[in-house]
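Peer 1: First the structure, then my questions, so here it is.
The values are calculated or read from the model by the stated rules, or taken from the named source; none is laboratory data. Source: prediction; values computed, not measured. Cβ coordinates were reconstructed from backbone atoms using ideal geometry, including for glycine residues, and neighbour counts include every protein chain displayed.
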Amino acid sequence: MEQSQVKIEKILDNIAKVMIGKRHVAELSVVALLADGHVLLEDVPGVGKTMMVRALAKSIGASFRRIQFTPDLLPSDVTGVSIYNAKEQEFVFRPGPIMGNIILADEINRTSPKTQSALLEGMEEASVTIDGETMILEKPFFVMATQNPIEYEGTYPLPEAQLDRFLLRLKMGYPEAGEEMEILTRAQVSPPIINLQSVMDIEDLRMLQEEVKTIHVDATIKRYIVELTNRTREHRHIFLGVSPRGSIALMKASQAYAMLNGRDFVLPDDVQYLAPYVFSHRVILRADAKYEGLTSEDIINEMVAKTPVPVQRLVNHK
């Protein structure tokens, strides 16, 4: 487990060479990658979302693809298209940008739901269907989608079915004054991302992803996750609670977070820390909650604080 933690630390240290601050965003992005999940990054333009994803891709030696979502983007622009070759008298498939390891789906809420759904099968099934033929996507397959806040002009909310496919929803926020000073200093010279080297290969990452599945989740932790999930379904401010897919997502994220911290077992602290990131985009609030100015994060945090924490002593399982 110590060797795995060292490998993960190398990724985070490598990302830190190009990302000033935002350590928690890098950690949670790596957690999603290790748990074989995807990330929805919601924030204003220009805070370093693209740089974050590129640094992650370079750190693990993976192929990076970027999809700029616009109102006129078609599903075939994402998945690929078959073009007739007159010389060879046959159709030739040209793969779309989804055929990569690390995918940046930039400003996903600026395009139509039909085009948004082109990512759905790939994110859920790790495959895409084109002209009736199913193509398996190479692992690792990791999507980090960015979206502008809904109140920005020209943005459209993602449907619930699409939101549920994301393991975590994160926000970067603006940098601190000192961090922004360092960003200005670095911008005077060659961007660090150009010279960033990989610290592991894809096979190493696949091994880490398999190791995450072996992290022990005690029965008390599973009951704790189920209790948190059930409370979202009964909360007076929540119209639609978290589905069983959300329970599974919280467990997988907790396993990856435990490994990031050098443990082979999950603690209640892991579940508490990750619950707002896993649950907040999976609930639909009632109108009275919005009227009172409450956010899904506020409600999830309050719910976690009021839910009894398991007290059974957990032991290291090796």
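Peer 1: Starting from residues that are over 17 Å from residue 263 (Cβ atoms), surrounded by fewer than 16 Cβ atoms within 10 Å (Cβ to Cβ) and basic (Lys, Arg), keep the ones in segment 193-232 and report whichever is modelled with the lowest pLDDT.
Peer 2: Of everything passing the filter in segment 193-232, 206 is modelled with the lowest pLDDT.
Peer 1: Residues that are in contact with a Leu (Cβ under 9 Å, 6 or more places away or on another chain) and among the hydrophobic types (A, V, I, L, M, F, W, C): list the helices (runs of 4 or more DSSP H) wholly contained in segment 60-140 that include at least 1 such residues.
Peer 2: Counting at least 1 such residues, we get 75-79.
Peer 1: Which residues, counting only those in segment 233-276, are among the hydroxyl-bearing types (Ser, Thr, Tyr), in contact (Cβ under 8 Å) with a residue 40 or more places away in the chain and surrounded by 24 or more Cβ atoms within 10 Å (Cβ to Cβ)?
Peer 2: Scanning segment 233-276 gives a single hit, 257.
Peer 1: To continue, here is another question. Specify the residue that is surrounded by the fewest Cβ atoms within 10 Å (Cβ to Cβ); the eligible residues are those in segment 9-62 that are hydroxyl-bearing (Ser, Thr, Tyr) and in contact with a strand residue (DSSP E or B) (Cβ under 7 Å, 6 or more places away or on another chain).
Peer 2: Among residues in segment 9-62 that are hydroxyl-bearing (Ser, Thr, Tyr) and in contact with a strand residue (DSSP E or B) (Cβ under 7 Å, 6 or more places away or on another chain), the one surrounded by the fewest Cβ atoms within 10 Å (Cβ to Cβ) is 50.
Peer 1: Kindly list, by first and then second residue, each pair from a residue in segment 1-28 that is within 12 Å of residue 52 (Cβ to Cβ) and without any contact (Cβ under 8 Å) to a residue 60 or more places away in the chain to a residue that is buried (at least 21 other Cβ atoms within 10 Å of the Cβ) and acidic (Asp, Glu), limited to pairs with Cβ atoms under 9 Å and residues at least 6 apart or on different chains.
Peer 2: Nothing qualifies.
Peer 1: Only residues that are aliphatic (A, V, I, L, M), within 25 Å of residue 39 (Cα to Cα) and in contact with a Phe, Trp or Tyr (Cβ under 9 Å, 6 or more places away or on another chain): list them for segment 279-298, please.
Peer 2: 283, 284, 285
Peer 1: Within segment 29-47, which residues are in contact (Cβ under 8 Å) with a residue 60 or more places away in the chain, farther than 19 Å from residue 263 by Cα and part of a loop (DSSP other than H, G, I, E, B)?
Peer 2: 37, 38, 43, 44, 45, 47
Peer 1: So, one more: What are the residues in segment 125-159 that are within 28 Å of residue 206 (Cα to Cα) and either of a type in the set (Phe, Trp, Tyr) or modelled with pLDDT of 85 or more (or both), if any?
Peer 2: 136, 137, 138, 139, 140, 141, 142, 143, 144, 145, 146
Peer 1: Which one of these does residue 222 not meet: (1) part of a loop (DSSP other than H, G, I, E, B); (2) of a type in the set (D, E, K, R); (3) outside the structural domain of residue 112 (by TED's automatic domain parsing)?
Peer 2: Residue 222 satisfies every listed condition except (1).
Peer 1: When the residues of segment 1-28 are narrowed to those that are among the β-branched types (Val, Ile, Thr) and part of a helix (DSSP H, G or I), which ends up farthest from residue 176 (Cα to Cα)? Even if it seems obvious, please write down each step before you answer.
Peer 2: First, pick out the residues of segment 1-28 that are among the β-branched types (Val, Ile, Thr): 6, 8, 11, 15, 18, 20, 25.
Checking which are part of a helix (DSSP H, G or I) leaves us with 6, 8, 11, 15, 25.
Working: 6: 28, 8: 25, 11: 23, 15: 18, 25: 15 Å.
Only one residue tops the list, namely 6.
Results for (1) modelled with pLDDT of 90 or more; (2) within 14 Å of the chain's Cα centre (by Cα), shown as yes or no for each residue.
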{"position": "21", "(1), (2)": "no, no"}
{"position": "24", "(1), (2)": "yes, yes"}
{"position": "34", "(1), (2)": "yes, yes"}
{"position": "42", "(1), (2)": "no, yes"}
{"position": "88", "(1), (2)": "no, no"}
{"position": "91", "(1), (2)": "no, no"}
{"position": "96", "(1), (2)": "no, no"}
{"position": "112", "(1), (2)": "no, no"}
{"position": "123", "(1), (2)": "no, yes"}
